[in-house]
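Below is one structure, written out as structure tokens, with a few remarks after it.
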Amino acid sequence: MNIKNHNLLKNFKNKKIIITGNTGFKGSWLSLIFAYCGAKVLGISYGKTTNPSLFHVLKLNNRIKCANIDVKNYTKFKNKVETFKPDFIFHLAAEAIVKRAYAKPLLTWETNTLGTINLLEILRTTNHKIVTVFITSDKVYRNEEIFRGYKETDILGDYDPYGASKASADLAIQSYTKSFLYKKNNLRIGIARAGNIIGGGDWSEGRLLPDIIKNWSKNKKLIIRNPNSTRPWQHVFEIISGYLILALRLKKQKLLNGQSFNFGPSSKNSIRVIDIVKYLKTKWVNAKFKIKRNKNLKEASLLKLNSNKSKKLLKWKSKLTLTKTLDYTIDWYREYYKNPKKIYQYSLDQLQIYFNLK
């Protein structure tokens with residue numbers, strides 16, 4: 001089945017959709033899906049992209065409308081939303097790199113927290129009917145190195161600038177929703193929490209898979225800073241399917257309004273960084289790595305989500321095993337470096353295979 005006719009994706013045909021942070025990794029995949037399925041997409045982003053950039057590799061600037069607007073600029077942000085009159089908003093705009101968040105904490109707090117509050121204030125004053133999915137992070141939870149997965153009801157608030165700013169944004173969403181937005185019949189609000197997302201086309205700084213690809217594609221040795229960190233590795237398609245399902249369920253089910261949802265993989269997908277590297281090393285010619293710990297950068301060694309709520313209320317499920325997740329990812333990069341001119345069609349082919357999985 002062509003994904004244009006997929007039971008989930010066909011619901012977005014001819015819908016007006018705003019994606020903030022559309023030039024980022026997840027934003028680019030969302031842009032590709034919506035544009036291909038016939039939605040009218042407006043991307044809002046500001047600042048530099050990675051080099052290479054999935055957004056530019058797929059030539060998405062020719063497939064969707066784009067606005068160079070900083071979400072911290074309330075007036076310009078508000079004017080664009082009011083003029084476009086979207087049916088859906090997916091808010092991804094953020095400083096998402098932990099290392100950069102440490103280097104630029106003020107910018108991180110302004111973008112992640114105040115940028116989110118700006119959108120909330122825009123929604124508070126609009127009369128247009130909009131479904132908004134706010135994307136936060138698994139790092140919003142206060143990390144206590146526990147082995148059970150964090151539930152949506154667990155305490156928020158980590159210590160690092162990235163986690164703390166995203167937790168603050170999450171709290172702001174809850175505050176605005178309960179204080180103002182829940183009373184507005186034209187609005188539906190949902191919060192999506194996930195983390196450690198991998199897949200083809202991510203070249204972000206300081207992330208494991210992009211670091212692997214950037215080094216190995218140039219025959220350089222990979223440096224691993226925290227080999228024993230355990231993460232719930234999950235493919236970007238899994239997360240995006242969660243965002244889409246949440247958006248449509250919010251539109252149809254008022255009782256879900258204002259709720260948060262975890263999207264995490266099977267517990268079998270939670271393994272150490274070193275194990276990921278060793279597996280991928282078998283898939284890449286002349287791959288090398290060494291361990292060099294970074295004692296100055298504090299990161300949680302264990303993060304895991306409980307996604308039972310999403311499975312029960314949204315009927316969402318993770319389809320890919322860890323091996324399949326890694327194979328999807330490494331195959332995309334291999335195809336890109338082999339023939340970048342064909343990567344647009346290859347990306348659509350991967351999406352079609354995934355969305356046709358049962």
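The values are calculated or read from the model by the stated rules, or taken from the named source; none is laboratory data. None of the values given here were measured: they were computed from a predicted structure. Heads up, the Cβs are rebuilt from the backbone with ideal geometry, glycines too, and the neighbour counts pull from every protein chain shown. With ligands, DNA and RNA removed, areas are computed over all heavy atoms of the protein, side chains included. Shrake-Rupley method; radii C 1.70, N 1.55, O 1.52, S 1.80 Å.
For the chain, what is the charge dipole size about the Cα centre, in debye to the nearest 20, if Lys and Arg each add +1 at the Cβ and Asp and Glu each add -1 at the Cβ?
Details: 66 positive and 24 negative charges, 138 e Å.
It works out to roughly 660 debye.
What does the accessible area of S53 come to, in Å² to the nearest 10, when a probe of 1.4 Å is used?
10
When the Karplus curve 6.51 cos²θ - 1.76 cosθ + 1.60 is applied with θ = phi - 60°, which whole-Hz ³J(HN,Hα) does each residue of segment 108-125 get, with x for Gly and Pro?
These are the phi-based 3J(HN,Hα) values: 4, 5, 5, 6, 6, 9, 5, x, 5, 4, 4, 5, 4, 5, 4, 5, 4, 9 Hz.
Give the residue from S266, I97, G149 lying farthest towards the positive end of the charge dipole for the chain; charges sit on Cβ (+1 for Lys and Arg, -1 for Asp and Glu) and the dipole is referred to the Cα centre.
S266
Checking the cross-link filter: which lysines have an alpha carbon closer than 24 Å to that of K221, excluding same-chain neighbours under 8 positions apart?
Within the straight-line cut-off, K221 pairs with K99, K278, K281, K283, K288, K290, K292, K295, K298, K338.
In percent, what relative contact order does the chain have, based on Cα pairs under 8 Å that are 6 or more apart in sequence?
17
What trypsin sites (Lys or Arg not before Pro) does segment 107-168 have in DSSP loop regions with at most 10 other beta carbons within 10 Å?
R148
State, as an integer percentage, the relative contact order of segment 213-291 based on alpha-carbon contacts under 8 Å between residues 6 or more apart.
The normalised contact order for segment 213-291 reaches 57 percent.
With all protein chains present, calculate the accessible area of Y46 using a 1.4 Å probe and round the result to the nearest 10 Å².
Around 150 Å² of this residue is reachable by solvent.
Excluding residues fewer than 8 places away in the same chain, name every one of the aspartates and glutamates whose C-alpha is closer than 16 Å to that of K317.
Counting by Cα, and skipping residues close in sequence, K317 has these aspartates and glutamates nearby: E238.
Identify the trypsin sites (Lys or Arg not before Pro) of segment 1-84 meeting these criteria: DSSP loop state and at most 12 other C-beta atoms within 10 Å of the C-beta.
K48, K59
Tell me, what is the per residue accessible area of the chain in Å², probe radius 1.4 Å?
45
Using alpha carbon centroids, what distance separates segment 142-168 and segment 177-206, in Å?
16
Output ³J(HN,Hα) for segment 26-43: one whole-Hz value per residue in order, computed from phi by the Karplus curve 6.51 cos²θ - 1.76 cosθ + 1.60 with θ = phi - 60°, and x for Gly and Pro.
Residue by residue, segment 26-43 yields 5, x, 5, 5, 4, 4, 4, 4, 5, 5, 5, 8, x, 7, 9, 9, 10, x Hz.
State the antiparallel share, in %, of DSSP beta bridges confined to the chain, rounding to the nearest 5. Mind dumping the intermediate values first?
Numbers: 4 of 38 bridges.
Here the antiparallel bridges make up roughly 10 percent for the chain.
Using helices alone, what [θ] at 222 nm do you get for the chain, with -39,500 (n - 2.57) per DSSP H run of 4 or more residues, divided over all residues and rounded to the nearest 500?
-11000 deg cm²/dmol, from helical runs alone.
Output the relative contact order of segment 101-192, whole-number percent, from Cα pairs under 8 angstrom with separation of 6+ residues.
Values: 109 pairs, mean separation 39.8, N = 92.
Relative CO of segment 101-192 lands at 43 percent.
If I ignore ligands, DNA and RNA and count only protein heavy atoms, how much of T153 is accessible to a 1.4 Å probe, in Å² to the nearest 10?
130
Using the Karplus curve 6.51 cos²θ - 1.76 cosθ + 1.60 with θ = phi - 60°, what ³J(HN,Hα) values do you get for each residue of segment 10-23, in whole Hz, with x for Gly and Pro?
So the Karplus estimates, Gly and Pro as x, are 5, 5, 9, 4, 6, 7, 8, 10, 9, 10, 8, x, 5, 8 Hz.
State the label only: which of [x] 16.3; [y] 24.0; [z] 19.0 corresponds to mean projected area of the Cα convex hull in nm² computed from the shown model?
[x]
Which loop-located trypsin sites (Lys or Arg not before Pro) does segment 183-261 contain, where loop means any DSSP state but H, G, I, E or B and the Cβ has at most 16 other Cβ atoms within 10 Å?
K218, K220, K221
Just the number, please: carbon plus sulfur as a percent of the accessible area of segment 1-55, 1.4 Å probe, no ligands or DNA/RNA counted.
Solvent-exposed carbon and sulfur of segment 1-55 make up 43 percent of the total.
For segment 169-320, which whole-number percentage of the solvent-accessible area (1.4 Å probe, protein heavy atoms only) is attributable to carbon and sulfur atoms?
The nonpolar share, carbon plus sulfur, comes to 48 percent.
Need the full-extension length gain, K72 to N185, defined as separation in residues times 0.36 nm minus the C-alpha distance. One decimal, nm.
38.0 nm is the gain from fully extending K72 to N185.
Would you grab the residues whose amide H sits under 5 Å from the one on L305? Only those 5+ places off in sequence or on another chain, please, with H modelled 1.01 Å from N.
Sorted by chain and number, the residues that satisfy this are Y150.
When the Cα atoms of segment 121-245 are enclosed in a convex hull and the volume is divided per residue, what value in Å³ results?
Taking only Cα atoms, segment 121-245 has a hull volume of 140 Å³ per residue.
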